[in-house]
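Please treat every number below as a calculation from the coordinates, not as lab data. Computed from a predicted model, the values in this text were never measured in an experiment. Cβ coordinates were reconstructed from backbone atoms using ideal geometry, including for glycine residues, and neighbour counts include every protein chain displayed.
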There are 4 protein chains.
Amino acid sequence: MPEPASDPATTYSYLGPAGTFTEAALKQVPEAQGKTWRSVNNVGEALADVVAERSVAAMIAIENSIDGGVSATQDALANVPGLRILGEYLVPVDFVLVARPGTTLDDVRVVNAHPVAYAQTRLWLERARPDHEHLPATSNVAAAVALLPAVDDAGPGSVGPLADAAVAPPGITDHYPLEVLARSIGDNPNAVTRFVLVGRTGAVPPATGSDKTSIIAELPDDRAGGLLDMLEQFATRGINMSLLQSRPIGDALGRYRFVIDLDGHILDERVADALLGLKRFSPNVKFLGSYPRADREQVTVVPRYDNTAFVEARDWLRALVAGEPGD
Amino acid sequence: MPEPASDPATTYSYLGPAGTFTEAALKQVPEAQGKTWRSVNNVGEALADVVAERSVAAMIAIENSIDGGVSATQDALANVPGLRILGEYLVPVDFVLVARPGTTLDDVRVVNAHPVAYAQTRLWLERARPDHEHLPATSNVAAAVALLPAVDDAGPGSVGPLADAAVAPPGITDHYPLEVLARSIGDNPNAVTRFVLVGRTGAVPPATGSDKTSIIAELPDDRAGGLLDMLEQFATRGINMSLLQSRPIGDALGRYRFVIDLDGHILDERVADALLGLKRFSPNVKFLGSYPRADREQVTVVPRYDNTAFVEARDWLRALVAGEPGD
Amino acid sequence: MPEPASDPATTYSYLGPAGTFTEAALKQVPEAQGKTWRSVNNVGEALADVVAERSVAAMIAIENSIDGGVSATQDALANVPGLRILGEYLVPVDFVLVARPGTTLDDVRVVNAHPVAYAQTRLWLERARPDHEHLPATSNVAAAVALLPAVDDAGPGSVGPLADAAVAPPGITDHYPLEVLARSIGDNPNAVTRFVLVGRTGAVPPATGSDKTSIIAELPDDRAGGLLDMLEQFATRGINMSLLQSRPIGDALGRYRFVIDLDGHILDERVADALLGLKRFSPNVKFLGSYPRADREQVTVVPRYDNTAFVEARDWLRALVAGEPGD
Amino acid sequence: MPEPASDPATTYSYLGPAGTFTEAALKQVPEAQGKTWRSVNNVGEALADVVAERSVAAMIAIENSIDGGVSATQDALANVPGLRILGEYLVPVDFVLVARPGTTLDDVRVVNAHPVAYAQTRLWLERARPDHEHLPATSNVAAAVALLPAVDDAGPGSVGPLADAAVAPPGITDHYPLEVLARSIGDNPNAVTRFVLVGRTGAVPPATGSDKTSIIAELPDDRAGGLLDMLEQFATRGINMSLLQSRPIGDALGRYRFVIDLDGHILDERVADALLGLKRFSPNVKFLGSYPRADREQVTVVPRYDNTAFVEARDWLRALVAGEPGD
């Protein structure tokens, strides 16, 4: 699909097309407003844009409160070098049921929906249309678009509308001539998706007091209880872990790497110290970035783990070595 | 799809149709041979069959060495009561590229494939057919079947062949008139999928010396470092953990339950003791079963954690309380 | 020193003679009042009386708030079989300076004092009599008695008064014709000695809700971090440790056993469970007894560690094994 | 006891008089040979000499393989500021029974002995002289000296020989006209005493690869399981602990500080890092010194804890912060 040339320094890639939840996440990024937004088909393309400097950053989904971690994202972040997470953004998962104008709810038999969207609206669909059938779609927007008559450059799946309705994000009607048959059809009203904005490796941003640090680490082979030992690196520095997910390394069943989110910033002394400990412990550890938390909640630390405690301890150690009392 | 009535006591459900990897797993179960095999569309249906006593057990995929845990299975096991895992089975992930008779590899532009299968063959496809397009399918067999001319009771997706070839399991040609264009097209030759056979809750089978125990547990809210404390329950009893996966509980972002596989059997003293510790610790712990390991490897334990150590310790404690020396 | 025959079933041994802190501890034992009190010379004799059934129990000092654990007691409890601690008692450490009638403080140059008593009054003595000299005595009472003229059956040390004054417990003037030159001369007004009443092994007394359990345990040789692992046995059951003291095993430098006091009673589920864990872990563990705390403070436990949690967990496990849901 | 003035820069204090085990330890110090050796009466005096710069260092006993830690030494090191341990020395504990010339073993009824020496020879004495009595002495040499006729400037205890024999170190006959009645009368042939040479605070000596680091630390009050957390500081850095002893802080029963010996040197990265962690954790930590081990055994470390691992981790962290890949 040819696109007009755009300035990579002001281009943001996202899983499109317009109307997706990913676009809603990108709308939360102040510095992206008024810039070029480049719609891509999957996480791999989005990150490739960043690596190849076709865009300055890419917005990608990393976790859903119902469905869990987005494996493709976690694996891509583990495997693609040169990336850093710049920020995280939360988008409530809210679905509408849309159809071609003139369709009523009673007409709906076949529902087009991305499998994840279908899983999150199935209870509602089973109540509203007990005899419906599910036609899987490749994305939330594609599900809706497929309801419309095919156009010339249609892809291989565009053989005319197969479904009567589609599960889609609320913003879909801003872009396509569809009618909303029902709103807020998500089975869990608190469902939310967490996105991360990913750029190229660069100097870390300053700490804000409300930060998160993401890492991916493997365990040493030669040691039972390795996971426990790895988690001690955080516990002994008073660092809370908000995410721990295992992902297969891929070379054999039973070998995992761990995706970890920590409260705090690499420039916080306790986090830096824990990263040093982790680096010594893990045969393969990757720093994905320190960035402001989406909820802007301040990270609180007891005095024994705050920056002052680290600075004072270093001063004390230096004095001891120099032969000053230190006590 | 109406089926002939079958005896639930001798019926096994599996993700069909014939030719899937799940069927290959079921072929490994001696007691299922010569019985009725009931093909279903997804994990939910398979487990519902077991709960409703339409079948005696269901074979479902739980983990893939490349793709990780099967979320739908893990979540269903967490949420559906009354189930027990009876055994685990490994199936190598081996794919063929199939087409209608007469098609050559050079003819292939659109490839139908389940997204997971596509992810595991993409490198091969990109090398062999750099300009191919991916048409997602709902299952590995559906991808192949969709190549064939539609039949009368076709479902909503059966609008005639949209793809030129399909990624499918090797057994597919036993069931359908398709030709193999290429064999062993998986990107990782060691890829393997782990399946579990799930039945209804019943008395646990005897320990074999090569057993695995599966549980799902939540962490207490009121306590930092909860995961570390939970893992200590296993470490202090010398129990190795072969799987630890977090899954969202679903009520809020950041709340997880953990799917855990332990080496050993609930009738092994150290495992029973760890389960007692876990039950006291966790506000919600679910025992999914103790069952023979697929690899039949013996679980080795140092003497301090073997059954004798537990029995001797209890005898000692009883003596102490009764006022005998104990030393 | 021949003594009148006494009924062993009603005899209590203690480090005498009359007037010692040990006698003050024995005065706190209701069941010992009005019985025969047998004065002995050291911990070894006191415990030998109990083992040989010359007395029903012995009162011995085990720890001083200033001076620490009493090594002789800790080692004797480790090495003498067949004993149990029945209770603990606290005696404030309060000293007087006594002299023969007619002596004034200004006359005092040589002060007789047991080394521990001297250590606890030295600051006072240095202020009051800067040029005094210390004559060591074998016990607090012996220091005072040595001020008096020798009698016929005098032991080898009784060669006439060598000292001008003695540091002694306040009760000394009830028994000997001495004058108090100064009261409360202890350097630390909060100093206290902890005593234990030790009897023969018998059925453990019922739990009172304010109990302590004493054990002595060795670490396994084959394992780094052994102490940490041993302490985990208590931590994972929510058990507080009020004492941890290392004592040399005696066979080589660097080999230690640990004297440990735990909050709780062997009949408390969590303590019983920790003792089982400890028995499996330690190559040599000795249970010294569960008995009421001297301070009668209730031991509080969070619900996850109380008896109910243990009983419920066992019921749950039993149900799981039997094939009941358990969830 | 007036002494000739000596040069403090070349004076060594030790628990005398000549002939003690402490003197034997001082004989092992190459740099002390040919210098002035100042005999003092107790640990307090020895350390006071160092603090007041009356001597360059003092040799003091810190631990005995049978009797355990020397409380007076441990408490003095905790409380006296400005000191550093410079080295450790092992002296086998070997005793002789000495008497005035002409005495035979059969003549011996009263045995003069320091209580610790008596405890370590009692079994032999009970076998050889079942009806002997013990007269306590203030030191091993004093026990022997007291056998000799009193001289003019006799102290308060010098009222003529009260005992028939004395337990003393083998070197005693080099200094006093006494006869050996029996050799090697110690109950444990492997008994050994560990001494430390203590000087004033100064720059730490270089690491030798066979070093020990001594510290004293208190636990924070506000935290259950504090000891476990403190020990984790060493375990997570792969540091072995060769000594852990609790000593009462002295302000209340149940409040302890811990005397700890670690394998390694403060200039070893892992030890420095653990000290930093300990300093942050403990409300009161005192560094007593890093010095060569008496046994000259090399400290072995797995690669994950060696200096290189620490340096590499710091380089990695610095690169991450600067925006270099680090992976």
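What's the longest piece of chain B with no exposed GluC sites (Glu not before Pro), counting a site as exposed if DSSP puts it in a loop and it has at most 14 other beta carbons within 10 Å?
Here the longest segment lacking exposed loop sites spans B:54-296.
For Cα pairs less than 8 Å apart in space and 6+ apart in sequence, what is the mean separation divided by the residue count of chain C, i.e. the relative contact order in percent?
Relative contact order comes out at 19 percent.
Efficiency by 1/(1 + (r/R0)^6): what FRET value for residue B:208 and residue A:221, r their Cβ-Cβ distance, R0 = 25 Å, to the nearest 0.05?
0.40
Suppose each label sits 7 Å from its Cα in the direction of the beta carbon; what would the residue C:52-residue A:188 distance come out to in nanometres?
Roughly 7.5 nm, to one decimal.
Measure off 7 Å from each Cα along the Cα-to-Cβ vector at residue A:6 and residue D:7, then give the distance between these two points in nanometres to one decimal.
In this crude spin-label approximation the distance works out to 8.4 nm.
Please state, as a whole number in µm²/s, the translational diffusion coefficient that the Stokes-Einstein equation yields for the range A:174-218 at 25 °C and 0.890 mPa s, with Rh defined as the Kirkwood radius across alpha carbon pairs.
In µm²/s, the coefficient is 153.
May I ask for the net charge around residue C:124, where only other residues with Cβ less than 15 Å from the Cβ of residue C:124 are counted and Lys, Arg are +1 while Asp, Glu are -1?
After counting each charged neighbour, the total is 0.
Could you compute the net charge surrounding residue A:21? Neighbours are other residues with a C-beta less than 13 Å from the C-beta of residue A:21; K and R count +1, D and E count -1.
-2
How many Å³ per residue does the convex hull of the Cα positions in the range B:70-117 occupy?
Measuring per residue, one finds 133 Å³ for the Cα hull of the range B:70-117.
Determine the shielding of peptide A:240-252 by partner chains: average, over its residues, the number of Cβ atoms on other chains within 10 angstrom of each Cβ.
The mean count of partner-chain Cβ atoms within 10 Å per residue comes to 5.
Computed over the Cα atoms of the range B:53-197, what is the convex hull's projected area averaged over all directions, in nm²?
The directionally averaged projection comes out at 10.0 nm².
So which DSSP H runs in chain A come out at 20 Å plus along the axis (Cα) with average Kyte-Doolittle of at least 0.0?
Result, helices passing both filters: A:307-322.
Looking at the range D:6-120 from every direction and averaging, what is the projected area of its Cα convex hull in nm²?
Taking a quarter of the hull surface, the average projection is 8.6 nm².
How much FRET efficiency would the formula 1/(1 + (r/R0)^6) give for residue B:174 and residue A:127, where r is the Cβ-Cβ distance and R0 is 56 Å, rounded to 0.05?
Result of the calculation: an efficiency of 0.85.
Evaluate E = 1/(1 + (r/R0)^6) for residue D:104 and residue C:41, where r is the Cβ-Cβ distance and R0 equals 41 Å; express this FRET efficiency to the nearest 0.05.
0.90
Based on the Kirkwood radius over alpha-carbon pairs, what is the Stokes-Einstein translational diffusion coefficient of the protein assembly as shown at 25 °C with 0.890 mPa s viscosity, in µm²/s?
Diffusion coefficient, whole number: 68 µm²/s.
To the nearest µm²/s, what D does Stokes-Einstein give for chain D at 20 °C and 1.002 mPa s, using the Kirkwood radius over alpha carbon pairs as Rh?
The diffusion coefficient I find is 97 µm²/s.
Which whole-angstrom value gives the distance between the alpha carbon centres of the range D:286-312 and the range D:17-89?
Cα centres, the range D:286-312 to the range D:17-89: 25 Å.
On a C-alpha basis, how far is the centre of the range D:164-239 from the centre of the range C:184-256 in Å? Whole number, if you could?
Between the Cα centres of the range D:164-239 and the range C:184-256 lies a distance of 22 Å.
Averaged over every viewing direction, what's the projected area of the C-alpha convex hull for the range B:96-182? Give it in nm², one decimal, please.
5.2
When B:213, D:73 are ordered from fewest to most other Cβ atoms inside 10 Å of their Cβ, what list results?
Ranking B:213, D:73 by Cβ neighbours within 10 Å, fewest first, gives D:73, B:213.
Give me the one-decimal nm value for the distance between modelled label points at residue C:251 and residue D:302, 7 Å along each residue's Cα-to-Cβ direction.
2.7
Could you give the alpha-carbon Rg of the range B:203-327 over 2.2 N^0.38 Å, rounded to two decimals?
1.19
Run lengths n ≥ 4 of DSSP H only: what is the helix-derived mean residue ellipticity at 222 nm for chain A, with -39500 (n - 2.57) per run over all residues, to the nearest 500?
-7500 deg cm²/dmol
What's the exposure ranking of B:10, B:201, going from fewest to most Cβ atoms within 10 Å?
Least to most surrounded, the residues fall as B:10, B:201.
Around residue D:87, which amide H atoms from residues at least 5 apart in sequence, or from another chain, sit under 5 Å from its own amide H, with H modelled in the peptide plane?
When sequence neighbours closer than 5 places are left aside, the close amide H contacts are D:197.
Would you order D:279, A:286, A:27 from fewest to most other beta-carbon atoms within 10 Å of each residue's own beta-carbon?
With the sparsest Cβ surroundings first, the list reads A:27, A:286, D:279.
Looking only at the range A:285-308, which residues have a backbone nitrogen under 12 Å from a spot 7 Å from the Cα of residue A:267 in the C-beta direction?
A:290-292
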